[in-house]
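Read the structure below first, then the notes.
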Amino acid sequence: MQNPIFKNKEIEIKEITGLDLVNIIVKQNYIEQDDIDDLQVDFSDKSFDEAYTILISSNIVTSDLVGQAMSEFYSLNLFDLKSFPPSTDLVKKINYDIANKYKIVPFAESKMEIFVATSNPDEKLISIIKEIFPDKEVKLGYSLPNSIEDSFLLYKNNFSDRISEIVSKGEQVVPDIVKEIFEDALA
Amino acid sequence: MDKIEKLDNKRKILICEDEKPLAKALELKLRSAGYDILTTYNGREAINLFDSNIHIVLLDLIVPEIDGFGVLKAIRQKNKEIPIIILSNLGQPEDKLRVKDLGATAYYIKSEMPLNKILEIVNFYLYDSK
């Protein structure tokens, strides 16, 4: 589904910063402000991913605890995309550009409901998703950004299809195949 | 002893958990709910810290010095009634059977238990189950 007449494409959603992340996990009582102060890091100019990496590598919190703190803060369920990966068919029901812009991944669906994971929760997402799934009630859940990004790999064709596509084009065959091999190995 | 805090006049929880980020988060979460917390990262200290002022024990099975099975056995010899909640990633049936035989009150797979759920469990065993 390519969502060609998507009306909400101009809606902007505020990105969660590194400072937001730190403030949230302190507020939700997963770490103390003293733990943050001890790191002697200025989080005010850090992205979410940068702050997340600092916190995890400092061993003061785990990714599981960060996920719990974030989902608690936004009063959402925590959707574990790593343990329960969604199907490719389901993920592709949202156009990649929209999914990537709003950091949303369909997680599961029933006849009446669509469960969508996001790393950037906002009430505005409901209307955006509702436009794509007009007949379903939208159930939003939280997933960490790295889980959302991993799910985006499902938009890529499988390895053999990508190689066949490169060969059929007949241009830069070797460099493109090497690139695909590296990307596949890193995925 | 890495960190111990003792307060009086509140329900007191003994946590024995060697994953420090989890132990700390658990301690903060339960304290924010009004409980007093004693946290230790090893089994021997858990046994030494246990006394009649403790109202509930949250116990991991894989902890240094004396494992959770040994801690459970030692605490049960001192007190037959106190709730002892096992939070462990050991999920084999024989582990569950063993802790049941040793007198554990309940057994939960740690990785499947968000902190809010653990708080609910603590509330249940301290208040609702009475």
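Laboratory data are not the source of any read-out in this text; all were calculated from the coordinates shown. Model, not experiment: these values are computed from the prediction. Positions of Cβ are generated from backbone atoms using ideal geometry, with glycine treated the same way; all protein chains shown enter the neighbour counts.
The table that follows gives values for the structure above.
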item	result
Per-residue [θ]222 nm for chain A (sum of -39500 (n - 2.57) over DSSP H runs n ≥ 4, rounded to 500)	-14000 deg cm²/dmol
Three semi-axes of the equivalent ellipsoid, the protein assembly as shown, Cα gyration tensor, whole Å, largest first	44, 22, 20
Region B:12-128: radius of gyration and largest Cα-Cα distance (Dmax), Å	12.7, 35
Sorted by Cβ density within 10 Å, fewest first, the residues A:Leu76, A:Leu125, B:Leu30	A:Leu76, A:Leu125, B:Leu30
A:Tyr30, A:Tyr155, A:Tyr74 arranged by Cβ crowding within 10 Å, fewest neighbours leading	A:Tyr155, A:Tyr74, A:Tyr30
Distance (nanometres) between label positions extended 7 Å along Cα→Cβ at A:Ser87 and A:Asn146	2.9
In degrees, nearest ten, helix A:48-57 long axis to first principal axis of chain A (Cα)	70
Among A:Tyr52, A:Leu19, B:Thr40 - extreme Cα towards positive end, dipole of the protein assembly as shown, charges at beta-carbon	B:Thr40
Förster radius 30 Å - calculated FRET efficiency between A:Lys156 and A:Asp45 (Cβ-Cβ, nearest 0.05)	0.40
Estimated distance in nm for a label pair at A:Lys130 and A:Thr53, the labels positioned 7 Å out from Cα along Cα-to-Cβ	3.9
Nearest-20 debye value, chain B charge dipole, Cβ charges on Lys, Arg, Asp, Glu	320
DSSP bridge pairs, the protein assembly as shown: antiparallel proportion in percent, nearest 5	20
For chain A, average projected area of the Cα convex hull in nm²	12.9
Cα centroid separation, region B:60-103 to region A:19-47 (Å)	35
Residue order, fewest to most surrounding Cβ atoms within 10 angstrom, among A:Phe84, A:Phe48	A:Phe84, A:Phe48
Distance (nanometres) between label positions extended 7 Å along Cα→Cβ at B:Lys78 and A:Glu113	4.5
